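Have a look at the structure below before the remarks.
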Amino acid sequence: MQPIPEDKQEHCPGTESDQAGKQSACEGCPNQQICASGEANLPDPDLGNIKERLKDVKHKILVLSGKGGVGKSTFTSQLALALSDTEQEEEEIDVGLLDIDICGPSIPRIMGLHGSRVHNSSMGWEPVYVDQLAVMSIGFLLDDPADAIIWRGPKKNGIIKQFLKDVNWGELDYLVVDTPPGTSDEHISIVQYLKESSITGAVIVTTPQEISLLDVRKEINFCKKVNIPIIGVVENMSIFVCPNCKAESVIFPPTTGGAVKMCEDMDIPFLGSLPLDPRIARSCDTGKPFIVEYPDTPAAIAYRSVVDKVKQFCEDTTK
Amino acid sequence: MVNYQTILVLSGKGGVGKSTVSSLLALSLVKMGKKVGLLDVDLCGPSIARIFGLEQHSVMNGPNGWIPVYADDEQRLGVMSLAFLTKRDDPVVWRGPKKTSIINQFVHNIAWGDIDFLIVDTPPGTSDEHITAVEAFKDFNLDGAILVTTPQNVSIDDVQKEASFCRALDLEILGVIENMSGYVCPTCSDCSFVFGRGGGERMASESNIPYIGHLPIDPKLTASMDGTNIMKDFETDSIKPILSFIQRYSKQ
């Protein structure tokens, strides 16, 4: 399908609309005939290529929120690290970490890979490795990390498709996908592109306050609308423990009952709360994995408890 | 052409306090006697309606366009948001072209009346909403953009991209505000830099962008933004570090 042209008509209904090609706004558009004939809505042949590429990936987990800045990328990185931790396991566990936040890719910085570049092999793009963890992000394709990606939806969708079909992921037990906030092109596309490969489930991250939950409820309803199984909700930044006096305080008050109440109301599993620890931000900034550097902190213990529940969900789906 | 001045509040990063800063900016200008419009072009996660306790309101179409919802009886602060046109928990699952279309309507078809300033809150990123808003507002006395960040590098990374975006689209950067800069423990008064410190100021200096100031984490402010209409509780004390910038700007 020809992508929506950059010089598309104003009030373009979108190529997937049933009015595509038929509205007065479509006149003069180079896509008009294709849209009106319905060709634009034929099955995408790349879905098969993606399915083939990901055939040896056992579990695909999306990490979503509606809200920005709640700790999706932080959580995704710790989840990927904890899943690949083989200290307690007999066999090696292979994990991939895919960052589809095209405008604001945080994963390279958090994983200590800021400035790394990908290279091409005969098998496709090679992910960047941190120990055994395979990572891919648009951050690795930028000449200068300060360069802005000023792309409209179709171009973002194109790169996400390439991340799925052209990256040499190999055999993975888990592919964890970090997403940007919202319910837009990136989210619609990842769901569409993985339609034939299946998504194991989604973890939704929030903070306690209503201004976050407002957006997170929408994200949960998005998942229900597109039939993504919901593994559960994690409440991040729930309490702050003062490093000086150890007193607990609440920085982001759960004025409407926080994630626990929201999960009860929406009949969704609550996976746990993660406290605020200044060392988490520092670890993310320096690219050192928090749960590895500070394994005995309350926050690291809380992370591992949530990860155990995610693992259990995945194991239950394979039974 | 319009008679009001427009500022975009941008970040590359989500959750840094764009909506908070947009709201505080609007409230400060109102306190200084100005009439203000506050437009929320974050279509997927519109927060402004909630901050002002206005989510139950809907908008009406008048002869001059959609009539904004007023946060006060004296109609000094008008608000427009997609939240007034959708149900609370319904996700807005739109691709770029549909978002572009609604933002163009928000720019051209709102009956703001005789406002002095329009503050535009945006979602995180550098995509459809941002490109459309900048292009559409170019004819509307667009003064420039304020960038909001938190101190840590993962935020600075994204805000540097936003600064590149502004330069690429020829949009003046009025300055950078560093939000969530320190938290004072209510028990022992020790200040913890939960999200690091100084990143915003450093970035501004390295990128030759004016540094406006930094705002601390303030749980009282956070709570007042959670749905009771912050207009009643607002005191200029909460924005002391950035007040002189707002005062200078309001006199333009």
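The values are calculated or read from the model by the stated rules, or taken from the named source; none is laboratory data. Predicted model only: the values in this text are computed from it and were never measured. Cβ sites come from the backbone with ideal geometry, for glycine too, and all protein chains shown count toward neighbours.
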inquiry  = Could you tell me how many of the residues in the stretch A:154-164 are farther than 30 Å from residue B:134 by Cα and either within 14 Å of chain B (Cβ to nearest Cβ) or surrounded by fewer than 16 Cβ atoms within 10 Å (Cβ to Cβ) (or both)?
reply    = 0
note = Given the conditions (1) part of a loop (DSSP other than H, G, I, E, B); (2) without any contact (Cβ under 8 Å) to a residue 60 or more places away in the chain, every one holds for residue A:114 apart from (2)
note = Within the stretch A:237-263, the residues that are more than 8 Å from chain B (Cβ to nearest Cβ) and in a loop (DSSP other than H, G, I, E, B) are A:246, A:254, A:257
inquiry  = Conditions first: (1) of a type in the set (A, V, I, L, M, F, W, C); (2) in contact with a Pro (Cβ under 9 Å, 6 or more places away or on another chain); (3) modelled with pLDDT of 95 or more. Residue A:205 passes all but one, so which condition is the exception?
reply    = (2)
inquiry  = Condition (residue is in contact (Cβ under 8 Å) with a residue 60 or more places away in the chain, crowded, with 23+ Cβ neighbours inside 10 Å and touching a Leu at 6+ places or on another chain (Cβ under 8 Å)) applied to the stretch A:127-138: is it met by at least one residue?
reply    = no
query = Just for the stretch A:173-186: of the residues that are away from chain B (no Cβ under 13 Å) and buried (at least 20 other Cβ atoms within 10 Å of the Cβ), which one is nearest to residue A:214 (Cα to Cα)?
reply = A:177
Scope the stretch B:202-252; condition within 14 Å of chain A (Cβ to nearest Cβ) and either farther than 21 Å from residue A:251 by Cα or of a type in the set (S, T, N, Q) (or both); matching residues = B:202, B:203, B:204, B:206, B:207, B:208, B:209, B:222, B:224, B:228, B:229
task = Could you check how many residues of the stretch A:117-136 are part of a strand (DSSP E or B) and under 18 Å from residue A:94 (Cβ atoms)?
result = 11
message = Test of understanding: among A:77, A:24, which residue is at pLDDT 90 or above and of a type in the set (Ser, Thr, Tyr)?
response = A:77
note = Note: among B:159, B:120, just one is part of a helix (DSSP H, G or I), touching a residue at least 24 places away in the same chain (Cβ under 8 Å) and in contact with a strand residue (DSSP E or B) (Cβ under 9 Å, 6 or more places away or on another chain), namely B:159
task = Might you check whether a residue that is more than 11 Å from every other protein chain (Cβ to nearest Cβ), of a type outside the set (S, T, N, Q) and touching a residue at least 12 places away in the same chain (Cβ under 8 Å) occurs anywhere in the stretch B:179-191?
result = no
inquiry  = Given (1) over 30 Å from residue B:86 (Cα atoms); (2) in contact with a strand residue (DSSP E or B) (Cβ under 7 Å, 6 or more places away or on another chain); (3) assigned to a helix (DSSP H, G or I); (4) among the aliphatic types (A, V, I, L, M), identify the lone condition not met by residue A:220.
reply    = (1)
query = Would a scan of the stretch B:151-163 turn up a residue that is crowded, with 19+ Cβ neighbours inside 10 Å and out of contact with any helix residue (DSSP H, G or I) (no Cβ under 9 Å at 6 or more places or on another chain)?
reply = yes
key: residue A:151 being out of contact with any helix residue (DSSP H, G or I) (no Cβ under 6 Å at 6 or more places or on another chain), away from every other protein chain (no Cβ under 14 Å), under 30 Å from residue B:96 (Cα atoms) and in contact (Cβ under 8 Å) with a residue 24 or more places away in the chain   = no
remark   = Flagged pairs (Cβ under 7 angstrom, 6 or more apart or on separate chains; first in the stretch A:295-319, aliphatic (A, V, I, L, M); second assigned to a helix (DSSP H, G or I)) are A:299/A:280; A:300/A:290; A:300/A:291; A:307/A:79; A:307/A:82; A:307/A:83; A:310/A:79
query = What number of residues within the stretch A:74-105 are within 19 Å of residue A:164 (Cβ to Cβ) and facing chain B (nearest Cβ under 9 Å)?
reply = 4
message = Please go through (1) facing another protein chain (nearest Cβ under 8 Å); (2) in a helix (DSSP H, G or I); (3) among the hydroxyl-bearing types (Ser, Thr, Tyr) for residue B:126 and return the number of the only condition it doesn't satisfy.
response = (2)
ask   = Does residue A:108 count as free of Cβ contacts under 8 Å to residues at least 40 places away in the same chain, out of contact with any Lys or Arg (no Cβ under 6 Å at 6 or more places or on another chain), facing chain B (nearest Cβ under 9 Å) and buried (at least 23 other Cβ atoms within 10 Å of the Cβ)?
value = yes
query = From B:21, B:92, B:16, which residue is crowded, with 17+ Cβ neighbours inside 10 Å, in contact (Cβ under 8 Å) with a residue 60 or more places away in the chain and assigned to a loop (DSSP other than H, G, I, E, B)?
reply = B:16
Enumeration of residues in the stretch B:1-28 that are under 22 Å from residue B:136 (Cβ atoms) and more than 14 Å from chain A (Cβ to nearest Cβ) = B:1, B:2, B:3, B:4, B:5, B:6, B:7, B:8, B:25, B:26
